[in-house]
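Right, one structure below, let's go through it.
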Amino acid sequence: MRMVDIIEKKRDGHALSKAEIDYFIENYTEGNIPDYQASSLMMAIYFQSMSDEEATHLTEATLNSGDIIDLSAIEGIKVDKHSTGGVGDKTSLVLGPLVAANGAKVAKLSGRGLGHTGGTLDKLESIPGLNVSLSSEAFIEQVNDINIAIAGQTASLAPADKHLYALRDVSGTVPSIPLIAASIMSKKLASGSDVIVLDVKIGEGAFMKTLDDARELSRLMVKIGKNFNKKVTAFITDMSQPLGNAVGNKLEVIEAIQTLQGNGPEDLEELCKEIGSYLIKDAEQAESVDAARSLIENKVESLEARDVFKKLISAQGGEYPDLNDFIKVRDIVAVKSEDAGYVKRLNALDIGLSAMRLGAGRATKEDTIDMDVGIVLNKKVGDKVEEGDVLAYVYNNKDDITEELRTILNAFEISESYIEKPPLIIDIIE
Ligand code: URA
């Protein structure tokens, strides 16, 4: 087989065979195919796309390029959730304990944040002492013990995706639906869970900018999952504004705990309860989504879900934070509205980038994070605002943030006329 023939076949719009896809992934991972040929193939796929069958073969080849986590030593149905990334997305911190408290097994491998989006591992590491580098024995033992463990993804999980993603990032080929689907699903399938919910975000702060693209990506990922005998559901959710109010590591941990105690922001609470209901139903802990929803409500009211989060922190060596004394910043600055009306737009991307520049995120993989800083939104889309009302609080450790405060103010668009609150869950694809 010759790589140039595979490139030309895809360039001319033909479907690649399983053998050709396997040949490419195996040889690219081993370093036998140069980046210029791999990037040429990525561009051909970007323009000519792939059939569902080709995307499934690409997922399988990528999945088989590294270790496949064996969770068979965990009794019961293992559940996982993946978000395509967003601003203020602390869903995993809430959802994990919510479903673990209801008997589902959460063996979760998470990633770090980059650019305007945050990562679950960074948020967890903002808790003093908490360790996310667990051996596979400790990881499995913890899930068998308390139903939940959250650890870092190892380099041996779908290594072909690591190389390919880095290549796509610098060759203009990230936004290809079959490539995104194979990339996400290879990692999810390698992580070994039986039930998967995918949270596909759309809007300014997300990868997918249109509903049609989000629907197509969701459909394809659900189909790939089904081909591997997994129960997969995709939620399409709004990321035109941040999720919840807090953006920043410790701030998001506090908001997650508040949500687990029943006093979090409405949008975050709704999303976690809805996704949680599907996970619990598919994990066969409830007969229907509605029955699962009442189980979840009960575990929030009784504080059992919050207590699972406490157990998770303690099992991974962390100290449960005193919420009133967790954050230490030089100052908290209020950003006030210069207009009256209703919030029409709250740009998630601008807020995410601002939080990153304040120190809450990384511009490059090597940057270090300031766990204490970030932004707490006081108004969201559809809220009424008077002139002088606080739109956001900025938790800051830097000398001069005049420009940042202006950027945050400009992320809010205020309209004189009434604006309805936008729906958060746009579609659910099973
Ligand atoms: N997230 C991934 O893991 N892969 C992609 O290709 C895009 C988003």
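I'd like to check which strands (runs of 3 or more DSSP E) are fully inside region 311-430 and have at least 1 residues that are under 21 Å from the mean Cα position of the chain (by Cα), among the hydrophobic types (A, V, I, L, M, F, W, C) and closer than 26 Å to G96 by Cα. It would help to see each step written out before you state the result.
Details: elements: 331-336, 341-346, 374-377, 390-396, 412-415, 425-429.
The strands (runs of 3 or more DSSP E) meeting that bar are 374-377, 425-429.
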**Request:** Evaluate the following for V200: is it aliphatic (A, V, I, L, M), under 23 Å from M50 (Cβ atoms) and more than 16 Å from the chain's Cα centre (by Cα)?
**Result:** no
**Message:** I need a count of the residues in region 225-272 that are closer than 19 Å to I429 by Cβ and without any contact (Cβ under 8 Å) to a residue 12 or more places away in the chain.
**Reply:** 2
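From the list L130, L157, L93, exactly one residue is touching a Gly at 6+ places or on another chain (Cβ under 6 Å) and more than 12 Å from the ligand (Cβ to nearest atom). Which is it?
Details: L157 fails: more than 12 Å from the ligand (Cβ to nearest atom); L93 fails: touching a Gly at 6+ places or on another chain (Cβ under 6 Å).
After ruling out the rest, the residue left standing is L130.
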**Item:** Any pair with Cβ under 8 angstrom, 6 or more apart, that starts in region 330-342 at a residue that is acidic (D, E) and ends at one that is assigned to a strand (DSSP E or B)
**Value:** D331/N396; D339/V385; D339/I414
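Tally time: how many residues in region 160-172 are surrounded by fewer than 22 Cβ atoms within 10 Å (Cβ to Cβ) and within 12 Å of the ligand (Cβ to nearest atom)? If you could, list the steps in order and put the result at the bottom.
Taking region 160-172 first, the residues surrounded by fewer than 22 Cβ atoms within 10 Å (Cβ to Cβ) are 162-163, 165-167, 169-172.
Now drop any that are not within 12 Å of the ligand (Cβ to nearest atom), which leaves 162, 165-167, 169.
Looking only at that region, the number is 5.
Confirm whether L268 is more than 22 Å from the chain's Cα centre (by Cα), aliphatic (A, V, I, L, M) and modelled with pLDDT of 95 or more.
When the stated conditions are applied, L268 does not pass them.
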**Complete:** From the option list L134, L157, single residue qualifying as surrounded by fewer than 24 Cβ atoms within 10 Å (Cβ to Cβ), in contact (Cβ under 8 Å) with a residue 60 or more places away in the chain, in contact with a strand residue (DSSP E or B) (Cβ under 6 Å, 6 or more places away or on another chain) and assigned to a loop (DSSP other than H, G, I, E, B) is L134
**Request:** Could you pull out the residue among E274, E269, E297, E284 that is assigned to a loop (DSSP other than H, G, I, E, B) and surrounded by fewer than 22 Cβ atoms within 10 Å (Cβ to Cβ)?
**Result:** E284
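Out of everything in region 42-90 that is more than 30 Å from Q142 (Cα to Cα), of a type in the set (A, V, I, L, M) and within 16 Å of the ligand (Cβ to nearest atom), what residue ends up being surrounded by the fewest Cβ atoms within 10 Å (Cβ to Cβ)? Step through it out loud before you land on a result.
First, the residues of region 42-90 that are more than 30 Å from Q142 (Cα to Cα): 42-58, 61.
Okay, now just the ones that are also of a type in the set (A, V, I, L, M), so 42-45, 50, 55, 58, 61.
With within 16 Å of the ligand (Cβ to nearest atom) added as a condition, the list becomes 42-43, 45, 50, 55, 58, 61.
Numbers: M42: 21, M43: 18, I45: 24, M50: 22, A55: 25, L58: 29, A61: 23.
Per the criteria, the residue is M43.
The rows are residues; the columns are (1) of a type in the set (A, V, I, L, M, F, W, C); (2) in a helix (DSSP H, G or I).
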| position | (1), (2) |
| --- | --- |
| K123 | no, yes |
| L164 | yes, yes |
| S171 | no, no |
| P175 | no, no |
**Asked** Among the residues of region 374-411, which ones are at positive phi and out of contact with any Lys or Arg (no Cβ under 7 Å at 6 or more places or on another chain)?
**Response** G374
**Prompt:** Looking only at region 119-144, which residues are under 15 Å from I69 (Cβ atoms) and of a type outside the set (S, T, N, Q)?
**Reply:** L134, E137, A138, F139, I140, E141, V143
**Asked** Which pairs do you get when a residue that is assigned by TED's automatic domain parsing to the domain that holds V197 and within 25 Å of G225 (Cα to Cα), found in region 166-182, comes within reach of a residue that is outside any helix (DSSP H, G or I) and within 8 Å of the ligand (Cβ to nearest atom), reach meaning Cβ atoms under 6 angstrom, with the pair 6+ apart or on two chains?
**Response** R168/V174
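The values are calculated or read from the model by the stated rules, or taken from the named source; none is laboratory data. Nothing here was measured: the structure is a model prediction, and the numbers come from that model. Neighbour counts are summed over all protein chains in view; Cβ atoms, including those assigned to glycine, are modelled from backbone coordinates with ideal geometry.
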